[in-house]
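Colleague: The structure's right below; bear with me while I get my questions together.
No lab work stands behind these numbers, since they all come straight from the coordinates. What you see is a predicted model; the values in this text were computed from it and never measured. Backbone-built Cβ (ideal geometry, glycine too); neighbour counts: all protein chains shown.
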Amino acid sequence: MIPAAVAAKLNEQITNEMNASQKYLAIACQLETMGLTSLAGFFRKQTEEERAHALKILDYLLEVGAAVALAPLPAPQAEFATVVAAIDASVEHEQLVTRQIHDLVALCEREKDYATRSFLQWYVDEQVEEVSSMAQLAQVARLARENLLQLDGYVARLLSK
Ligand SMILES: [Fe+2]
Ligand SMILES: [Fe+2]
């Protein structure tokens, strides 16, 4: 078994990851509506990844015999004024998730829960990549400015790699 405080925080993190998944799905819908299909595809892929992050924690809780408690999700923002605003919000969200993961790691160390600490290393590493790829997209979106089709083409090439 793992400490109750760690189990509670892991349950919260399931909600945080599902929340990220919902946010990206809403952004994908707006982008699809705008005709930016590749960019929408990028956010669809993120949606699936965030759900996978949530399920990986859920499976860990089940594996260590801790209870899973799913919580309701807040409604995501459905519309952003600009594509850059939507991507900037996503960068901020990735930074928030990084802080949440780091707080979890700190809690594990305080509680001497070295098993969960080890499990979370994957998330620490994953967040470095997630923040970096979203920040890169934000940078390219700024370069493209009003040329949204050029941005969509860039993402299409990125996804085909
Ligand atoms: Fe995630
Ligand atoms: Fe993420």
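Colleague: It is to be established whether one or more residues within the stretch 19-27 are charged (D, E, K, R), within 16 Å of ligand 1 (Cβ to nearest atom), closer than 27 Å to L159 by Cβ and surrounded by 14 or more Cβ atoms within 10 Å (Cβ to Cβ).
Modeller: yes
Colleague: List the residue pairs whose Cβ atoms are under 6 Å apart, where the first residue sits in the stretch 8-21 and is touching a residue at least 12 places away in the same chain (Cβ under 8 Å), the second is among the polar types (S, T, N, Q), and the two are 6 or more positions apart or on different chains.
Modeller: N16/Q100; S21/T47
Colleague: Going by the structure shown, is L36 touching a residue at least 24 places away in the same chain (Cβ under 8 Å), buried (at least 16 other Cβ atoms within 10 Å of the Cβ) and more than 16 Å from ligand 2 (Cβ to nearest atom)?
Modeller: yes
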